[in-house]
1. Using C-alpha positions alone, give me the convex hull volume of the chain per residue in cubic angstrom.
2. Once you wrap a convex hull around the alpha carbon atoms of the stretch 368-468, what is its projected area averaged over all directions, in nm²?
3. Checking the a/c ratio against 1.5 first, then a/b against b/c, what shape does the Cα gyration tensor give for the stretch 216-359?
4. Find the centroid of the Cα atoms in the stretch 439-480 and in the stretch 120-164, then give the distance between the two in whole Å.
5. Rg (Å, one decimal) plus Dmax (Å, integer) for the alpha carbons of the stretch 353-399?
6. Apply the Kirkwood formula to the stretch 23-63: the hydrodynamic radius equals the inverse of the mean of 1/r over all pairs of different alpha-carbon atoms; give it in Å with one decimal.
7. Take the cross-link list Lys232/Lys358; Lys126/Lys163; Lys210/Lys243 and give me the ones stretching past 20 Å between alpha-carbons.
8. Work out the charge dipole of the stretch 298-391 with +1 on the Cβ of Lys and Arg and -1 on the Cβ of Asp and Glu about the Cα centre, then indicate which of Cys342, Thr389, Ile308 is farthest towards its positive end.
Amino acid sequence: MHRGINILIFLAAATMVFAQDKVYLIHSNTLNFDEKRLPDAQILRGDVVFRHDSALMYCDSAYFFSKQNSLHAFSHVRFEQGDTLFGYGDALYYDGNTKKARLRRNVRLVHVSTVLITDSLNYDRKSNLAYYFSGGTIKDSLNTLTSVWGQYHPPTNQAMFRKQVNLVNANFTLSADTLKYNTQSHIADIVGLTEIVYEKETTILSILGKYNTENEQSSLYQRSQVIHSDGKQMTGDTIFYDKQNGYGRVWGNMEMKDTVQRVTLYGNYGELYELNSRGFATDSALMVDWSEEDYGYMHADTLFTEDIHYFYPDSSGVDTTFKQLRAHHNVRLYRSDFQAVCDSVSYNSRDSIMELYKDPVLWNENNQISADFIKVFMQDGVMHHAHGTGAALVVKQETAKFFDQLSGKEMTAYIHNGELSQVDVSGNAETIFYPHEDNGDFIGMNRTQSSYVQIYFKDEQVDHVLFTTSTTGTLYPLNQIPAGQDKLSAFFWATNERPLKPGDVFDRPQRTIKPVGAPISATEEEKEKTTDNKKDAKQAKDPINRPIGNKNKRKQ
């Protein structure tokens, strides 16, 4: 008894399922049969309407195969699923058993504000997935996308495109071979080589990432690039880029390149503000200046760059841009013509002056130059002279034990053809030199004190010295140098800190401790006296101007 009831319940449920899967003819103006030409087909004409569960299908004429639960619809075909999805075309082939529809010729699929246009579209109602394979276009409220192959999932508004993918926006165009895109969020998922172009402005290159086409913000991965028409380029393992606000942030193997100023910033983290091209790099930060044949390499904890615009109304309204650089903390610099270490650096390409702050030490050839503050003046891409104030010191090593030394409150060192050619020292100027015989033998040690002194060099050796008339000095034989007199009070030797090649800028040797109580910066009064001393030295009838190699010992 119970078994029979169960069988009846099962048959009733099966009938209900079958009924739900059956395609129904709702309306037709005429119905005909042609068993020879179309066996098992109902030939329908005029305002034909079908229903299959929640879907309605309209057309002018159709062949209905009720046994096969399928139909072929022709002319003014309209497909409706609920109140959000509508399909249009010239022909429809529908299988009620598989719930697969094929729309052909002049096809449009409309879902809310999204329109898909193609010539051939297949739609699987079970998976709610529509796709085309011979070229198509998807339009939403913001963008138009075209490709050879594409698919669209109405429930999630998610689309996938392959082959010759193009996205056109009012502000930019995107081209790729593969792309995922959401028509509601307007976010494009980059899954292959993709190029986004803002005409005459910016180009974005990436193989993986997300691009929000509405607010133009992107998250880019795997060595993506943002390239600007003004020569600025940003590259990194991960990039966040906000086009509308002109802001970029980079993580991992960052490069910020300026092909106009010919400067590149490297680091593991950096940010770029397009307004005035302000940017910084940190975490293994490195600046490479390739504007000249002699490249410059600078490392610091943090490196900043900025474009400064100068307007000259008296010269036909010329607007000129210069690069400003700032380096903060643990600065190390390498160039072939000079090297330097200090705490901080500032440089402006307008006047080509580099300022070195806090315990700067600079090397040129075999010379070490130091002061509390140093300005390096560049000319035609090379160092022309350096000006130091406060505890100024120049040291050159003659032998393992002998060091030529100059110290004072203020100093200017001139470079000619890459070599030290002249040094002017003022304010408590002190010198120690080891003059040579013509055959190269040392004569002794010459130690002097003066308010101002000029030293001239030739072939990396002291050629002659110009003192003021108030100079005092002593020439000691090498075997009679008093203990402690072979070093000036400001002397220190920091050769272990010197970068000898580009890669050395990343080294962190311990800074050499400078002597305490070294001369301080010259006051304005002392500077004025220095100017008078210079005139005195140059205009005196009998200036003390003699080669260091003079054997006569002179003590005043």
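1. Output value, Cα hull per residue: 261 Å³.
2. 6.5 nm²
3. oblate
4. 87 Å
5. 10.9, 34
6. 10.5 Å is the Kirkwood radius here.
7. Those over the limit are Lys232/Lys358; Lys126/Lys163.
8. My answer, from the dipole projection, is Cys342.
The values are calculated or read from the model by the stated rules, or taken from the named source; none is laboratory data. Only a predicted model underlies this, so the values are computations on that prediction, with no experimental measurement involved. In this analysis, Cβ positions are derived from the backbone assuming ideal geometry, glycine residues included, and neighbour counts consider all displayed protein chains. Ligands, DNA and RNA are excluded from the accessible area calculation, which covers all protein heavy atoms including side chains. Shrake-Rupley method; radii C 1.70, N 1.55, O 1.52, S 1.80 Å.
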